[in-house]
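Peer 1: Quick one: the structure is below, and I'll ask about it shortly.
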Amino acid sequence: MSLKIEDYALIGDCMTSALVARDGSIDWLCLPRFDSSACFAALLGGADNGRWKIAPQAEITAIRRRYRDSTLILETEFETPEGVVRLIDFMPPRGFAPDIVRIVEGVSGHVKLQMDLAIRFDYGSIVPWVQRVDGGISAIAGPDNVRLIAGVELRGRDFTTVADFEVSEGDRVPFVLTYTSSYGPEPDRVDPEAALLDTEKWWLDWVSRCNYQGE
């Protein structure tokens, strides 16, 4: 599916940012900073240039998107014949390492989803070496290391990491992607739900310093 630039939303931590497409794919991300090379660059080419997609497997009949008030916490709702699922995307305030947190929430019904992660460092030119770690996978190429910790079982397929899973009303399935150097210490693991609360508070505090009046 060909997407226009207006089909993308922005999430970030003020030190780097990601572009999230309406179809649930992160198609652009530079780590660890804005001026670093991209590890997701599907925006410039295709899936082989790197992306991270989470979306229903069934036909999507409607898509609704919004930011939580005065934050860069993005919520995308996918409506399908099976039910409705919400994808919550955000980057927590920067600590030792940059993180992207994605939480899949069942809104109604019973929805089957697929996750597809293709990490491609240096704008899609480098395929990393991937190994399993406790709770997920680690992808290493030279000085770069990206780790994904997931609430579902992951498997490899055609140089990508994929997962098939289901959510029902009230279910919440977290995914945490963290960047660090391949030669440095492992960063602490992120609690997705605590990070969501902390991120919302951080943005509300940040916005509270603005005093603009008017449209």
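The values are calculated or read from the model by the stated rules, or taken from the named source; none is laboratory data. The shown structure was predicted, so the numbers you read here are calculated from the model rather than taken from an experiment. Cβ atoms come from the backbone with ideal geometry, glycine included; neighbour counts cover every protein chain shown. Areas reflect the complete protein model, heavy atoms only, side chains present, ligands, DNA and RNA absent. Shrake-Rupley method; radii C 1.70, N 1.55, O 1.52, S 1.80 Å.
Peer 1: Find the accessible area per residue for the chain; the probe is 1.4 Å, ligands and nucleic acids are left out, and the unit is Å².
Peer 2: 49
Peer 1: Add +1 for every Lys or Arg and -1 for every Asp or Glu among the other residues with Cβ under 10 Å from the Cβ of A141, and state the total.
Peer 2: -1
Peer 1: Using the beta-carbon distance between E215 and A62 and R0 = 41 Å, what value does 1/(1 + (r/R0)^6) give for FRET efficiency, to the nearest 0.05?
Peer 2: Efficiency at R0 = 41 Å is approximately 0.90.
Peer 1: In Å³ and rounded to a whole number, note down the convex hull volume per residue for the Cα atoms of region 11-61.
Peer 2: Once divided by residue count, the hull of region 11-61 is 81 Å³.
Peer 1: Something else: Which values, in whole Å and largest first, are the semi-axes of the equivalent ellipsoid of region 95-215 obtained as the square root of 5 times each eigenvalue of the Cα gyration tensor?
Peer 2: 28, 23, 14
Peer 1: Can you give the alpha-carbon Rg of region 51-111 over 2.2 N^0.38 Å, where N counts its residues?
Peer 2: 1.25
Peer 1: Given the alpha-carbon gyration tensor of region 74-150, what are the semi-axes of its equivalent ellipsoid in whole angstrom, ordered largest first, with each equal to the square root of 5 times an eigenvalue?
Peer 2: Details: eigenvalues 163, 46, 29 Å².
Result for region 74-150: semi-axes of 29, 15, 12 Å.
Peer 1: Taking R0 as 30 Å, what FRET efficiency do you get between S70 and I126 from their Cβ-Cβ distance, rounded to the nearest 0.05?
Peer 2: 0.20
Peer 1: Between R33 and H110, how high is the FRET efficiency from 1/(1 + (r/R0)^6) when r is the Cβ-Cβ distance and R₀ = 30 Å? Nearest 0.05.
Peer 2: 0.15
Peer 1: Treating each Cα of the chain as an identical point scatterer and ignoring solvent, apply the Debye formula and state log10 I(q)/I(0) at q = 0.10, 0.17 Å⁻¹.
Peer 2: Here the Debye-derived log intensity ratios amount to -0.42, -1.25.
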